[in-house]
Amino acid sequence: SVTVEGQGSMGRGAQVPGDLILEIHVKKDENFIRKGPHLYSEKKISILQAIQGDRIEVDLVDGSGYLTVPPGTQSHTYMSIKEKGLPIGIGDPERGNFYVKLIVNIPSNISSEDREILENLSC
């Protein structure tokens, strides 16, 4: 809760207003995990994006941003966008970081043609 002195209502016979007490509940967001001022999310990328690298768009708490995925990125690699998390303190312009766990999306069914291509790549 947050107390704001002198901003409450005037009680019966009071000469000055009382304090305003605010109770704040933050709704959990399914897209982000909060750890202090830092935010965490996951983003699926294709096998091709992981192999070749790419520039991908990610959803942030206040819009979107871009990450450059380097060639050869492994699944479950964390990347960060500096100062795109939450404010460090109330009214503080400094912000935490936004971390993205890249998940390489492995298809469960592939054609025989695609399988042959992948087998040729493994040599």
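Within 30 Å of residue 2 (Cα to Cα), at pLDDT 95 or above and of a type in the set (Phe, Trp, Tyr): does that describe residue 98? Spelling it out, residue 98 is indeed within 30 Å of residue 2 (Cα to Cα), at pLDDT 95 or above and of a type in the set (Phe, Trp, Tyr). The set of residues in segment 9-26 that are assigned to a loop (DSSP other than H, G, I, E, B), of a type in the set (A, V, I, L, M, F, W, C) and modelled with pLDDT of 80 or more comprises 16, 24. Kindly indicate which of 114, 92 is of a type in the set (Asp, Glu) and under 30 Å from residue 5 (Cα atoms). Result of the check over 114, 92: 92. For residue 43, the conditions (1) part of a strand (DSSP E or B); (2) of a type in the set (Lys, Arg); (3) open to solvent by 100 Å² or more (accessible area, probe 1.4 Å); (4) more than 30 Å from residue 4 (Cβ to Cβ) all hold with the exception of (3).
The listed residues are 95, 55, 115, and the only one of them that is basic (Lys, Arg) and free of Cβ contacts under 8 Å to residues at least 12 places away in the same chain turns out to be 115. In segment 32-45, how many are over 20 Å from residue 88 (Cα atoms) and at pLDDT below 95? Final tally of qualifying residues: 0. Per the listing 59, 92, the residue uniquely under 16 Å from residue 42 (Cβ atoms) and acidic (Asp, Glu) is 59. Inside segment 67-95, can you point out the residues that are more than 22 Å from residue 34 (Cβ to Cβ), open to solvent by 90 Å² or more (accessible area, probe 1.4 Å) and touching a strand residue (DSSP E or B) at 6+ places or on another chain (Cβ under 8 Å)? Listed by number, the residues that qualify are 68, 74.
If only residues of segment 1-30 that are open to solvent by 100 Å² or more (accessible area, probe 1.4 Å) and touching a Ser or Thr at 6+ places or on another chain (Cβ under 6 Å) are counted, the one that is nearest to residue 72 (Cα to Cα) is 23. Here is the figure for segment 96-123: residues that are polar (S, T, N, Q) and either surrounded by 10 or more Cβ atoms within 10 Å (Cβ to Cβ) or closer than 20 Å to residue 55 by Cα (or both) total 2.
The values are calculated or read from the model by the stated rules, or taken from the named source; none is laboratory data. The structure displayed is predicted, hence computed values, not measured ones. FYI the Cβ positions are ideal-geometry reconstructions off the backbone, even for glycines, and counts take in every protein chain you see. The area values use the complete protein model at the heavy-atom level, side chains included, leaving out ligands, DNA and RNA. Shrake-Rupley method; radii C 1.70, N 1.55, O 1.52, S 1.80 Å.
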